[in-house]
1. What's the magnitude of the charge dipole for segment 9-256 around its Cα centre, counting Lys and Arg as +1 and Asp and Glu as -1 at the beta-carbon? Answer in Debye, nearest 20.
2. Mean separation of Cα pairs under 8 Å and 6+ residues apart, divided by the residue count of segment 143-230: what relative contact order is that in percent?
3. Only Cα pairs within less than 10 Å get springs; with that Gaussian network setup on the chain, which residue of Thr25, Thr13, Thr209 has the largest fluctuation?
4. How much solvent-accessible surface does Thr81 expose, in Å² to the nearest 10, with a 1.4 Å probe and all protein chains in place?
5. Compare Ala46, Ala99, Ala194 in a GNM of the chain, Cα atoms joined below 10 Å, and give the one with the largest fluctuation.
6. Find the Rg to Rh ratio for the chain, where Rh is the Kirkwood radius over alpha-carbon pairs and Rg uses the same atoms.
7. Return the single residue from Phe131, Phe121, Phe101 with maximal mean-square fluctuation; model: Gaussian network over the chain, springs between Cα atoms under 10 Å.
8. Pairs of Cα atoms under 8 Å, at least six residues apart: use those to get the relative contact order of segment 9-256, whole percent.
Amino acid sequence: ATMLLKGQTALVTGGSSGIGRAIATAMAAAGATVAVNHRAGAERAAKLVDDILSAGGSAFAVEADVSDEATIERMFEEIITRCGRLDILVANAGLQMDASFQAMSLADWRKVIDVNLTGQFLCARAAVRQFLAQEELPHLSRARGKIICMSSVHEVIPWAGHVNYAASKGGVMLMMKSLAQEVARERIRVNGIAPGAIRTPINREAWETPEGLEKLLRLIPYGRIGEPEDVAKAAVWLASDESDYITGTSLFVDGGMTLYPGFEDNG
Ligand code: NAD
């Protein structure tokens, strides 16, 4: 593998499962030391760290709830104590709490906004502060630091029954772009990834039965569900100098889900 991230330090939030796990694995394979954040998932995180170490990579686990300010500050201190610096943040942690609009509780609304949107704000703010405080190492990275915000196709596709989730991802998109605009002159790059349907625990009901999968595939022109590795490859590239001129953009990794497949045969 090409060592696109050689010598860099990366933090992946929600890194012990699904898309986050694939990104942590791929970034370690690309030469980064990876801090695998988890919340109450110590066992899964330890297993992933073991797998990365066995493959010759470098990683360690850090526990923190991304929606808790003091905990996030402590997690960043822990990473800087260990690694001396941070080059890449992948703000990936997220969840769904689905309910019809009339049945949605304030707690369901707040929880999703707190983790998916405020959690990304807290981690991105800590990362920007660190990028500005640390010495630049131009031989490692042309940018002073890189942030990848995990969004979703639901930053643009409305989603009935998931209003809190869609609102959080729409918010992530404009937070990402506004932050990118604000820090571009510091040469900090901020981008989003907007996955379509990826095979992970978050959407298991949508793909684990043949009927569910068939229904899902009608939404995906490319004809297959996405795998976490599809997103991980995009994340490694977005974090590397290969994408050095790209900032403030949403990269859709969705097999064409945002191409309005409902119009395919509407002549
Ligand atoms: P996942 O459930 O496997 O991963 C989410 C991770 O976030 C879990 O490990 C979970 O423990 C962690 N997490 C939740 N709350 C947290 C908190 N407060 N603090 C720290 N960690 C927390 O599902 P996934 O599909 O891998 O999701 C990863 C990201 O990708 C999410 O932001 C999700 O919205 C986004 N996404 C997923 C899909 C998909 O089809 N799977 C599509 C679009 C976007």
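The values are calculated or read from the model by the stated rules, or taken from the named source; none is laboratory data. For clarity, every value in this text was computed on a predicted model and none was experimentally measured. Every residue, glycine as well, gets a Cβ built from its backbone with ideal geometry; the counts of neighbours run over all protein chains shown. Please note that ligands, DNA and RNA were not included when accessible areas were found on the heavy atoms of the full protein model with its side chains. Shrake-Rupley method; radii C 1.70, N 1.55, O 1.52, S 1.80 Å.
1. Magnitude of the dipole: close to 360 debye.
2. Numbers: 98 pairs, mean separation 27.4, N = 88.
So the answer I get is 31 percent.
3. Ranking Thr25, Thr13, Thr209 by mean-square fluctuation puts Thr209 first.
4. The value for Thr81 is about 120 Å².
5. Ala99
6. 0.96
7. Evaluated over the chain, the most mobile residue of the options is Phe101.
8. Relative contact order for segment 9-256 comes out at 20 percent.
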